[in-house]
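Worksheet: the structure to be examined is printed underneath.
The values are calculated or read from the model by the stated rules, or taken from the named source; none is laboratory data. On a predicted model such as this, the values are computed, not experimentally measured, just so you know. All Cβ positions, even for glycine, are placed from backbone atoms using ideal geometry, and neighbour counts span all protein chains on display. Please note that ligands, DNA and RNA were not included when accessible areas were found on the heavy atoms of the full protein model with its side chains. Shrake-Rupley method; radii C 1.70, N 1.55, O 1.52, S 1.80 Å.
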Amino acid sequence: MTFSFSAVLIWLDLAGVFFFAVSGSLLAARKQFDIIGSLLLASVVSLGGGVIRDIVINAGPPTAFTNPAYLAPPLLATVLVYFLFSSVQRFTSLLVLFDAGGLALFCITGSLKALEAGMNPIAAVLLGVTTAVGGGLLRDITANEVPQLFDPKDLYALPAFAGAALTVALSVTGTFMAVTAGAVAAIVFAFRVTAWRRKWHVPLAVRGWHRLGLDTGDVGAKD
């Protein structure tokens, strides 16, 4: 890499933590959790992906538990949503925008940390995706929501795959730097938000199934 990993990557990581934390607190507010529940959900979504990443690469105790700076974004997000949510709750896209920001940054940091740990490029891409989607998956399960990762009417993992693959390709070719990192993050963010707005999706698991109106009874009837 052409710049200090510890100097730039940590700021990308912390920014991703904050974006995901806001998405968690927004969901907690809409689910009418109390402020402690909001803080816990913000912490789960913002730190969960990084914890999974650090465990997989055997980096010792996860960074979230060794660097106090990682505890500040969830706390800040909780406070901001507590005071501002009543004036922004009508904007239904706000949660998606913050989630997309976290997704865009975490697919980059996860991939870079995997490469730094000596993982091969393919494994680095997979870990980048896992880092990006892991927190959101934990958030939705904790809040008793259908995980966006498994929503057949939405794209969630695919933008993370694109960002992780671009990050690894740039890093391997020695062209990854602050400017290209910003470009990758912008591409992933735009991809995720555009897919959500335009309702892009990929084919279902079985050809011939209908995306709308499919329920358990329909599946049973086909078996």
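General observations
- Selected residue [of a type outside the set (S, T, N, Q), within 14 Å of residue 19 (Cα to Cα) and without any contact (Cβ under 8 Å) to a residue 60 or more places away in the chain] from 72, 132: 72
- Test for residue 44: is it closer than 17 Å to residue 83 by Cα and within 14 Å of the chain's Cα centre (by Cα): no
- Residues being surrounded by fewer than 16 Cβ atoms within 10 Å (Cβ to Cβ) and under 13 Å from residue 113 (Cβ atoms) - total across segment 55-70: 4
- Taking the conditions (1) open to solvent by 60 Å² or more (accessible area, probe 1.4 Å); (2) modelled with pLDDT of 95 or more; (3) of a type outside the set (Phe, Trp, Tyr); (4) more than 17 Å from residue 134 (Cα to Cα) in turn, residue 73 satisfies each one other than (1).
- Just so you know, in segment 139-169 the residues that are of a type in the set (S, T, N, Q) and open to solvent by 10 Å² or more (accessible area, probe 1.4 Å) include one that is modelled with the lowest pLDDT, and it is 148.
- Search result, residues across segment 170-182 that are open to solvent by less than 50 Å² (accessible area, probe 1.4 Å) and farther than 15 Å from residue 109 by Cβ: 174
- The residues in segment 12-37 that are more than 26 Å from residue 111 (Cα to Cα) and open to solvent by 10 Å² or more (accessible area, probe 1.4 Å) can be counted, and the count is 10.
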